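Worksheet for the structure shown next.
What follows is calculated from the coordinates using simple rules that are stated; it is not laboratory data. Computed from a predicted structure; not experimentally measured. Cβ placement follows ideal geometry from the backbone for every residue including glycine, while neighbour counts extend to all protein chains displayed.
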Amino acid sequence: MTGLAAVVIGRNEGARLIACLDSLSCVSTVVYVDSGSTDGSVMAARERGVAVVSLDMSQPFTAARARNAGLNHLRELGGVDVVQFVDGDCEVAAGWFDAALTSLERDLEVGVVCGRRRERAPDASIYNAQCDREWDTPIGEALACGGDALMRMAALDDVVGYDPTLIAGEEPELCLRLRAKGWKVIRIDAEMTRHDANIVRFSQFWKRARRAGYAYAEGAHRHGKTPERHFVAQTNRALVWGLVLPLAIGSLTMFWWGYMMLGALIYPLQILRLARKKGGTKPAFDEAWLLTVSKFAEARGVVEFHLGRLAKRPSGLIEYK
């Protein structure tokens, strides 16, 4: 298959962007979309012969808007059949394009191919390790991809690209619309990218989970009535564990503080249940604890979305780096 190109998005990624661009040396057409970097990223990209699109930062920034800007540049160039999207903090694995392009050629209904995204330093923190586990999704047909994926231009044109108004959750929303048009999204058993989450503080983990909650709420609001109930279950879990249960437990103090203490035991019991389900190892307990605590941040994100929606004042970008 001919006409392979890549779109990289980033802001102030520094050495990580250079590593990302160098990993795309086999791609003849690379577009870097910059969102207001001040660390020399634009110059570094141009020195490597990469086309640069600088976003107008007077307009609200979203990753979806950046990817669409890269797509528009490729459309102007013409002759592009397949696009690899990469976040600027990722490196593409050797051999990925051969495996991914083969999958596209094998099935013309496949519009999106993704593979194994790994964390560069999963041992640096329990948060990085959790990200690495999240990236390990099942092989085969999938509901969605992440920020790194190889896509057919025809499929992207079929749904007019990403929704630029979404501040998070843009890939699942795009894949939902693609699948509605008859395109397949698949995850293949191949190394795709190495990502650098660099989450070393709880505050970063909290913001990331809060952003996820916002994305769940917006996705459910827009597409929750579709047959697959897009993000409805995730939104409900966030609200139940992160808002409804804490309020209910707190209300027990009206009767006796001991009732509240007993009610609060539901959280350590939930951690124990999840950890045992995943094998009872230390990583399993780490994951169970993080999944449980994240529901409070996700619930906040859900509430933020709906308050902003009712006030007709959407949230700005929620960044954890």
Within the range 238-252, identify whether any single residue is touching a helix residue (DSSP H, G or I) at 6+ places or on another chain (Cβ under 6 Å) and without any contact (Cβ under 8 Å) to a residue 40 or more places away in the chain, and answer yes or no. yes
Which ones in the range 277-300 are of a type outside the set (Val, Ile, Thr), part of a helix (DSSP H, G or I) and out of contact with any helix residue (DSSP H, G or I) (no Cβ under 7 Å at 6 or more places or on another chain)? Lys277, Lys282
Tell me whether the range 34-46 contains one or more residues that are free of Cβ contacts under 8 Å to residues at least 12 places away in the same chain, surrounded by fewer than 18 Cβ atoms within 10 Å (Cβ to Cβ) and hydroxyl-bearing (Ser, Thr, Tyr). no
Given (1) touching a residue at least 24 places away in the same chain (Cβ under 8 Å); (2) among the aromatic types (Phe, Trp, Tyr); (3) not in a loop (DSSP other than H, G, I, E, B), identify the lone condition not met by Tyr320. (3)
Do any helices (runs of 4 or more DSSP H) entirely within the range 40-140 hold 1 or more residues that are over 23 Å from Asp22 (Cα atoms), and if so, which? 63-77, 96-106, 126-135
Which one of these is crowded, with 17+ Cβ neighbours inside 10 Å and either part of a loop (DSSP other than H, G, I, E, B) or of a type in the set (Ser, Thr, Tyr) (or both): Thr226, Thr193? Thr193
Within the range 14-32, the residues that are among the acidic types (Asp, Glu) and surrounded by 18 or more Cβ atoms within 10 Å (Cβ to Cβ) are none
What number of residues within the range 57-81 satisfy the criterion of being closer than 27 Å to Ile139 by Cβ and surrounded by fewer than 22 Cβ atoms within 10 Å (Cβ to Cβ)? 1
